[in-house]
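Notes follow once the structure below has been shown.
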Amino acid sequence: MQIYQVTWCHVLGIKIVIHIFMTPHSGCVEPLVNRYASRRKSVFAETYDPENDDEDEGARAIFPKTDEQRARLCDSVKNILLFRSLDKEQMNEVLDAMFEKIVQAKDYIIKQGDDGDNFYVIESGVYNAYVGEDQKHIHTYDNRGSFGELALLYNMPRAATIQAETDGKLWAMDRQTFRRILLKSAFRKRKMYEALLDAVPMLKTLQNYERMNLADALIPQTYAKGDRIIKQGDAADGMYFIEDGKVSIRIQQDAGEVEISNLEKGGYFGELALVTHRPRAASAYAVDNVKVAFLDVDAFERLLGPCMNLMKRNIGDYETQLVKIFGSKNNITDIR
């Protein structure tokens, strides 16, 4: 008997579920796709080097769409995590490259063990995922979601079978375009954030591969002069690294807000509320046009464990600042 369980891997800083199987008698756990290791090498299993990609813009895949189709596609992809770190230009390339696929109930979209050809985003319909020789049902996609990325990212055969339970509509992207956009995006992000992360003293404790994982998880955000980035008293959803511009940190007092710190490129803020699991103790404002790299709370807890002791020491530094300004530390351990 085979026992199915679920594990997680991180692709470009994003958690993706992989179903693996265990043989109870041997105690051996192996990826489901390894069962097909003896198959011939896929003709699609080309390598892609983002550093040497000088592809002509004219070679990009473009499928014309009506305004109505493009609006439906935009709505379908807006919550796809794989695309969350793409910039506007890259997102437009995704929209251009996807093509519509109409499916009927009982159609097989992908079959376990086959070569990976396309990545799929669901617009409508119900789809079931099956694995193993007995095709055990492991998941149902109900009118939203995406599938097919693992075989494309890792040059592996399909790890599961996906069958339509109802009629529906999918949006598909071919393998080479998918790999180029996603992998080139990750490469650009790593290069862009390399110098920024190297300039943050707190991150010196991280190994190089840990900083690369951190770069993959960062989300670029921009704020105009005067914008409030975080608000005192709000729940903490992540921390921020300043890529460009200046940020003013302020605390609300009876007489109004008082600035306690002014941060520039290479600085960071928002981490203490995550360490102490308290609401925000201060607000942050863009002094001028500001670019930041945002790290959400899940990625923070997963990637910055080695820095936790240093961040806890920062609480003491913060309390010292408050004593200098207000004559007391404002009981930071209670308000954060």
Do you know the Lys pair count in the range 51-180 for C-alpha distances under 19 Å, with sequence separation 8 or more or different chains?
13
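Roughly to the nearest percent, how much of the accessible area of the range 51-180 is carbon and sulfur, given a 1.4 Å probe? Provide the component values of the computation, followed by the final result.
Values: 2950 of 6540 Å².
So the carbon and sulfur contribution to the accessible surface is 45 percent.
Given C-alpha coordinates of the range 91-250, what is the ratio Rg to Rh with the Kirkwood estimate of Rh?
1.09
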Which value in nm describes the separation of the simple spin-label points at residue 124 and residue 70, placed 7 Å from the Cα toward the beta carbon?
2.2 nm
Computed P(r) (all Cα pairs; the range 55-184; 5 Å bins; percent)
2, 10, 21, 23, 21, 14, 6, 3, 1, 0
Computed from the beta carbon distance with a Förster radius of 35 Å, FRET efficiency for residue 90 and residue 167 to the nearest 0.05 stands at 0.65
At residue 222 and residue 102, where each label point lies 7 Å from the Cα along Cα→Cβ, what is the point-to-point distance in nanometres?
4.0 nm
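The values are calculated or read from the model by the stated rules, or taken from the named source; none is laboratory data. It should be emphasised that the depicted structure is a prediction, and the values quoted were computed from it without experimental measurement. Every residue, glycine among them, receives a Cβ derived from its backbone with ideal geometry; neighbour counts consider all protein chains shown. Note: accessible area is taken over every heavy atom of the protein model, side chains too, but ligands, DNA and RNA are not part of it. Shrake-Rupley method; radii C 1.70, N 1.55, O 1.52, S 1.80 Å.
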